[in-house]
């Protein structure tokens, strides 16, 4: 049903339609509205046969989810930022045990300095944990990806993170088509666990594994990710057939036909990128974009095929790997090995810094002339940075960096 | 009901051999149909108090729950010695996730059983003192506070034995561990620290809290059995001597567990909804030296110049317990 609604609430409705049996909730901005919505749906009785548990930390949220999933219940939780880091040990554990938990990440920066706004640093920090990571471009896709996520998780018996840009998506009101129960029931079969704690057939789960078998267990977890490369497009196609709209898949190309320059990004920033590309195409520029929906598993071959004929790519990253630069860029270098495609990394939008059409237009035009540095920080205030670097040179006790910068900005010293 | 005090002298310890009891009063462990939930062949050390405690506790729980038990286990000795795959000692559905989350995992299992309509299945979480009083404490307190339908059993051997005997918040003062060496002006574990988790459990107001000892196995079984008749969060804290970590002889595990009780250092009691409802009286009060002397972790107290003051402080701890829990009254 089409409705004008908040992204988080639409996601909550969609998740409820997937009939989760255990939901663990712990508040952290900006995912709170999703679990609040679910709490209301469960408490009102709209979703029956579901345990909604208010836990005492994110570590407990995912640990409760681990127990529930291992005991055969369809299980959901959500978190963001510091919360994801606080549960990090359990994030790896859930994947290592092969438990099909679905978790929303309301993507947000990681402190210090504390910052509640959007970037991708949180989910990127867990890219090696063994979870499938899929990124939503808009709220319709966020709704649709959650429905696909339960199916994907349970078919492979591995956990799935649905990454949704904090605030930009979670708090945005949009026209969203929330499917009905019959449609979702026809898409997601009842949960048949591969392994389950059941007194009728006792098993031990989580045994110590030594050097004789650890490599094999890890390899098989990788093998599952490789299987997901086949399954994600299939589930996306089946979704399109049943729901009448496209969502998910590994990657999505936008106006890439014969494009000399291709912009690569994840998540909601694709909307702005597409607008800029439309403008530039109208003026005869040869530019397109590729959106990565599945970051883990990384669709290396598909990206190679989509990008290998371009002259250059611009990788727009909402995360920064300190000491080297891009995160996604490095995976893309592997995808482009053996080609002559030039790759530029652009770090943008950290901590919620707006990514504007004007900035992107200037950036893409520079890229077209190959006038970009290999690593660029979009809209970085170099004056602010220089003042702090000078201060550190001049005095040993220069004080806390973040506070110095805020003071400079407030005093109008760094325009 | 009037009770006739009867003394049995066969063992010199007031314990009663099963053969002297009526069949329905005998221990679960003495019964041919016991489930051997933690089966033989595991890799615990000789004289391990934790293996003994777990075996009695889980078999008693199985009996009480008609064999419908699922257990979540914290990382630690019990986890490591019981599941060196492809061998597992567990004859029950059992999961190990992490060091600090056994109670949360158990909460999840209990939630799943509820939605699945498996009212008959009971859930147990278990861990050592490190996994309970330290790293797992947040999750434990959360499970208590929500009154989740989980029985948590702590096997307390008073240090991190699995990693090589480091100090935990359950390590007693003056005890030597690998991180509280018997050197300097205040040798051994520092005074004035540590956590009394049974008392903290009681402060949550949960329906049932008990302490138990592997020297009193009938009592231990009875407490587990009672806990299994109750729904909501329950906590049993069992003192389990560790020959390796305590520097004690393997054959002294039961003796030490008994001396801990008879000195007053480890009071045995039960509490319901935050109030003590019963405590086990001390029948032969013993000075703390008798308990301490058997353990190398306290050897520095008994050198050429005995640490009389320190021993007196430990005795004062025992005396305080005796007063607090009325361990000598109603004789």
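Of the residues A:89, A:46, A:56, A:21, the single one that is away from chain B (no Cβ under 14 Å) and out of contact with any strand residue (DSSP E or B) (no Cβ under 6 Å at 6 or more places or on another chain) is A:46.
Residue-by-condition table, conditions (1) in contact with a helix residue (DSSP H, G or I) (Cβ under 8 Å, 6 or more places away or on another chain); (2) surrounded by 15 or more Cβ atoms within 10 Å (Cβ to Cβ); (3) modelled with pLDDT of 95 or more:
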site: A:344; (1), (2), (3): yes, yes, yes
site: A:377; (1), (2), (3): no, yes, yes
site: A:397; (1), (2), (3): no, no, yes
site: A:404; (1), (2), (3): yes, yes, yes
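Within region A:191-226, being out of contact with any strand residue (DSSP E or B) (no Cβ under 8 Å at 6 or more places or on another chain), more than 12 Å from every other protein chain (Cβ to nearest Cβ) and in contact (Cβ under 8 Å) with a residue 12 or more places away in the chain holds for A:192, A:194, A:221, A:224, A:226. Scanning region A:223-259 for residues that are exposed (fewer than 14 other Cβ atoms within 10 Å of the Cβ), touching a helix residue (DSSP H, G or I) at 6+ places or on another chain (Cβ under 8 Å) and under 29 Å from residue A:347 (Cβ atoms) yields a count of 0.
For region B:59-77, a residue qualifies if it is closer than 16 Å to residue B:240 by Cβ and either surrounded by fewer than 24 Cβ atoms within 10 Å (Cβ to Cβ) or more than 12 Å from chain A (Cβ to nearest Cβ) (or both), and the qualifying residues are B:59, B:60.
The listed residues are A:159, A:193, A:211, A:189, and the only one of them that is crowded, with 21+ Cβ neighbours inside 10 Å and in the same structural domain as residue A:88 (by TED's automatic domain parsing) turns out to be A:159.
For (1) buried (at least 24 other Cβ atoms within 10 Å of the Cβ); (2) more than 14 Å from chain A (Cβ to nearest Cβ); (3) touching a strand residue (DSSP E or B) at 6+ places or on another chain (Cβ under 8 Å), each residue gets a yes or a no:
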site	(1), (2), (3)
B:141	no, no, no
B:151	yes, yes, yes
B:154	yes, yes, yes
B:161	yes, yes, yes
B:180	no, yes, no
B:196	no, yes, no
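The set of residues in region B:101-125 being more than 7 Å from chain A (Cβ to nearest Cβ) and assigned to a loop (DSSP other than H, G, I, E, B) consists of B:117, B:118, B:119, B:120.
Going by what's in this entry, would residue A:97 be described as within 12 Å of chain B (Cβ to nearest Cβ) and touching a residue at least 60 places away in the same chain (Cβ under 8 Å)? Here the answer is yes, as residue A:97 does meet what is asked.
To keep it simple, each residue is scored yes or no on (1) without any contact (Cβ under 8 Å) to a residue 24 or more places away in the chain; (2) crowded, with 20+ Cβ neighbours inside 10 Å.
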site: A:298; (1), (2): no, yes
site: A:308; (1), (2): no, no
site: A:315; (1), (2): no, yes
site: A:322; (1), (2): yes, no
site: A:330; (1), (2): yes, no
site: A:349; (1), (2): no, yes
site: A:366; (1), (2): yes, no
site: A:369; (1), (2): yes, no
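Residues in region B:171-194 include none that are part of a loop (DSSP other than H, G, I, E, B), within 14 Å of the chain's Cα centre (by Cα) and closer than 19 Å to residue B:270 by Cα. Does residue B:136 satisfy the criteria of being more than 9 Å from every other protein chain (Cβ to nearest Cβ), under 18 Å from residue A:90 (Cβ atoms), in contact with a helix residue (DSSP H, G or I) (Cβ under 7 Å, 6 or more places away or on another chain) and buried (at least 24 other Cβ atoms within 10 Å of the Cβ)? For residue B:136, the condition - more than 9 Å from every other protein chain (Cβ to nearest Cβ), under 18 Å from residue A:90 (Cβ atoms), in contact with a helix residue (DSSP H, G or I) (Cβ under 7 Å, 6 or more places away or on another chain) and buried (at least 24 other Cβ atoms within 10 Å of the Cβ) - is met. Among the residues of this structure, residue A:277 counts as one that is surrounded by 17 or more Cβ atoms within 10 Å (Cβ to Cβ), within 25 Å of residue A:141 (Cα to Cα) and over 17 Å from the mean Cα position of the chain (by Cα). Within region B:40-47, identify whether any single residue is crowded, with 19+ Cβ neighbours inside 10 Å and not in a loop (DSSP other than H, G, I, E, B), and answer yes or no. No, region B:40-47 contains no residue that is crowded, with 19+ Cβ neighbours inside 10 Å and not in a loop (DSSP other than H, G, I, E, B).
Name the residue that is surrounded by the most Cβ atoms within 10 Å (Cβ to Cβ), counting only residues in region B:90-99 that are in a loop (DSSP other than H, G, I, E, B) and at the interface with chain A (Cβ under 7 Å from one of its Cβ atoms). The residue in question is B:97. Checked against (1) out of contact with any helix residue (DSSP H, G or I) (no Cβ under 8 Å at 6 or more places or on another chain); (2) within 18 Å of residue B:172 (Cβ to Cβ); (3) in a loop (DSSP other than H, G, I, E, B), residue B:267 passes all but a single condition, namely (1). Among the residues examined, residue B:124 qualifies as at pLDDT 95 or above and touching a strand residue (DSSP E or B) at 6+ places or on another chain (Cβ under 7 Å).
The values are calculated or read from the model by the stated rules, or taken from the named source; none is laboratory data. The model shown is predicted, which means the values in this text are computed figures rather than measured ones. Please note: Cβ atoms are built from the backbone with ideal geometry, for glycine as well, and neighbour counts cover all protein chains shown.
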